[in-house]
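Bear in mind that the values in this text are calculations on the coordinates, not laboratory data. Bear in mind that the values here come from a model prediction, so they are computed numbers and not experimental data.
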Amino acid sequence: MSQINTLSERIEQLRKEGYTTDFNLEDEKISNNTNSIIYDVDELDIDKVYRFEGTSNPDDNCILYAISANNNIKGVLVDGYGVSGGQTSVALAKKLHR
């Protein structure tokens, strides 16, 4: 079995596992742009976390989250870290960075 090294390869693997929705960070919530649902922190579970570091550019650093919502929606959220990190509430940051 080949090793997954890139963000796009990992996202593709998660899609095959049913994480088909693209989630986006809002200030204190996470949104689902597919059907305009906005989730509070307590409506989400972080199932898996993957960290990717750019080899030549720190701006390429990101974290990939595999997320399950309480309405059986599963998806992914990509967030930068370091200089390009997302701005989130304390509660959301705690949930994401458990």
Self-check item: From phi via Karplus (6.51, -1.76, 1.60), per-residue ³J(HN,Hα) for region 39-50 in Hz, x at Gly/Pro
Solution: 10, 7, 3, 6, 9, 10, 10, 8, 7, 8, 9, 10
Exercise. Determine ³J(HN,Hα), in whole Hz, for all residues of region 19-26 in sequence, where each value follows from phi through the Karplus function 6.51 cos²θ - 1.76 cosθ + 1.60 and θ = phi - 60°; x replaces Gly and Pro.
Key: 8, 9, 8, 9, 8, 10, 6, 10
